1. Of everything in the stretch 38-92 that's of a type in the set (A, V, I, L, M, F, W, C) and assigned to a loop (DSSP other than H, G, I, E, B), which residue is farthest from residue 130 (Cα to Cα)?
2. Quick check: anything in the stretch 33-55 under 21 Å from the mean Cα position of the chain (by Cα), of a type in the set (Lys, Arg), at pLDDT below 95 and surrounded by 11 or more Cβ atoms within 10 Å (Cβ to Cβ)?
3. Restricting to the stretch 81-131, name every residue that is at pLDDT below 90, surrounded by 10 or more Cβ atoms within 10 Å (Cβ to Cβ) and farther than 30 Å from residue 45 by Cβ.
Amino acid sequence: MKKLIIVLSVLFAITALNQQLFAQKKDNPRSRDYRGDLKEQLNLSEDQEKKIETLRLSNKESMIKLKSDLELKELEVRKLKLSDKFSRNEMINLTKEMNEIKNQIALTRTNHQMDVYDILDDSQRKIWLDKQEEFGRMKNRMKDKMWGKRNFQ
C-alpha cells in the first residue's frame, strides 16, 4: 500500500511540474513591441512619423486587397479539385495567377520598405538597416526551430 501511495504521489508531482514547465511565460522582455522599439530608437520627427503612418496605411490597404485576391484564387483551386473533371491547363493557369499575386505581394512589401527607407536620414537609415538585419536573423532562427534544425554554435 505504501508503494502505491509513493508511486501515485510521484506521478502527481511529475504532472504538476510538467504543467509549470510548459506554461507560456508572460511579459517576456525579448518579445517587446518591435515597431514601438524601433520608432523609439530612430527618434523620428513628427513629419517623418506622419509620412510613415500614411505609407503604412496605404500599404496595409493594398496588402489586404492582394491577400484577399490570393485567398479567392486558393478557393478556386479547391473548387476545381472538387469538380468531377478538371484539366491540366486550368490548374496551371490558376497556379500562375496565384504566383503572380504572391510576386505582387513581395514587390509591394519591398516598395513599402524602400519608401520608408527614403524618408529616413543617414543616421536613422543605419539604425533601421541594423534592426532589419537583426529581425532577419530572428526569422531564420524561428524557421530553423520549426523545421527541426539546430545550430549549436
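1. 86
2. To start, the set of residues in the stretch 33-55 that are under 21 Å from the mean Cα position of the chain (by Cα) comprises 33-39, 52-53, 55.
Then keep just the ones that are of a type in the set (Lys, Arg); that gives 35, 39.
Subset that is at pLDDT below 95: 35, 39.
From what is left, the residues that are surrounded by 11 or more Cβ atoms within 10 Å (Cβ to Cβ) are 39.
Scanning the stretch 33-55, I find at least one residue that is under 21 Å from the mean Cα position of the chain (by Cα), of a type in the set (Lys, Arg), at pLDDT below 95 and surrounded by 11 or more Cβ atoms within 10 Å (Cβ to Cβ), so the answer is yes.
3. If the condition is that a residue be at pLDDT below 90, surrounded by 10 or more Cβ atoms within 10 Å (Cβ to Cβ) and farther than 30 Å from residue 45 by Cβ, then 86 is the only one that fits.
The values are calculated or read from the model by the stated rules, or taken from the named source; none is laboratory data. The structure presented is a predicted model; accordingly, all values stated were derived computationally and were not measured. Positions of Cβ are generated from backbone atoms using ideal geometry, with glycine treated the same way; all protein chains shown enter the neighbour counts.
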